[in-house]
């Protein structure tokens, strides 16, 4: 029992900071870009900040990821409080919406690049146990940020990729896509959990979510590896 608790505490110690940084800077990037493009809604609510407290959702940030981690789930899933954006206050609402949406995934990609660059310094840490702990934090930072970047760029509202698509597509395509926003979360749940479970029951691989995300992740891992000298 003591060993299990010690292992759980260690797992929390190598995941907590990467997850908090990933979701905090993702939401802060949305808020910052919206503020700079004319909408100060999130700025007035204190969301243009690297302080995680204004961005935390108790269930999505702590309870659900902690439960998945404690139960040994093969994936980690969670969310932060969405940043409020009044798109009609943006100077160029349709195009500025694209930049606001892109800001979150781009911030995650930049964090992953910084973490990968920092790997070059781990060998300079004199204590092997500390070096190992830092390396695992950096590795998890890369993993969680690239996953967030890929996941959020799926072209389905309310994900960032959906809002980018709505802003860039012609009206006859963007309007029906935008109308899916109210059902977006249910569609994601279906792709991530329901379809794979149904597939197991009938002996088919229906994990479409993994089939879509995996190529995106492979591309991002290769990009970061080349950009940071790890290729």
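The values are calculated or read from the model by the stated rules, or taken from the named source; none is laboratory data. This structure is a prediction, so every number in the text was calculated from the model and none was measured. Note: ideal-geometry Cβ built from the backbone for every residue, glycine included; neighbour counts use all protein chains shown.
Okay, here's what the table says:
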quantity	calculated
Single match in 29, 22, 34, 9 (criterion: modelled with pLDDT of 95 or more and farther than 14 Å from residue 86 by Cβ)	29
From the options 74, 93, residue that is modelled with pLDDT under 95, over 16 Å from residue 23 (Cβ atoms) and touching a helix residue (DSSP H, G or I) at 6+ places or on another chain (Cβ under 8 Å)	93
Answer residue from segment 196-226, given it is part of a helix (DSSP H, G or I) and touching a helix residue (DSSP H, G or I) at 6+ places or on another chain (Cβ under 6 Å) and is surrounded by the fewest Cβ atoms within 10 Å (Cβ to Cβ) among those	208
Subset of segment 143-189 (residues that are touching a residue at least 12 places away in the same chain (Cβ under 8 Å) and not in a helix (DSSP H, G or I))	153, 154, 155, 156, 157, 158, 159, 180
Hits in segment 150-195 (condition: loosely packed, with under 12 Cβ neighbours inside 10 Å and closer than 19 Å to residue 84 by Cα)	179, 182
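Residue by residue, here is whether (1) within 18 Å of the chain's Cα centre (by Cα); (2) modelled with pLDDT of 90 or more holds:
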{"site": "143", "(1), (2)": "yes, yes"}
{"site": "147", "(1), (2)": "yes, yes"}
{"site": "171", "(1), (2)": "no, yes"}
{"site": "175", "(1), (2)": "no, yes"}
{"site": "194", "(1), (2)": "no, no"}
{"site": "209", "(1), (2)": "yes, no"}
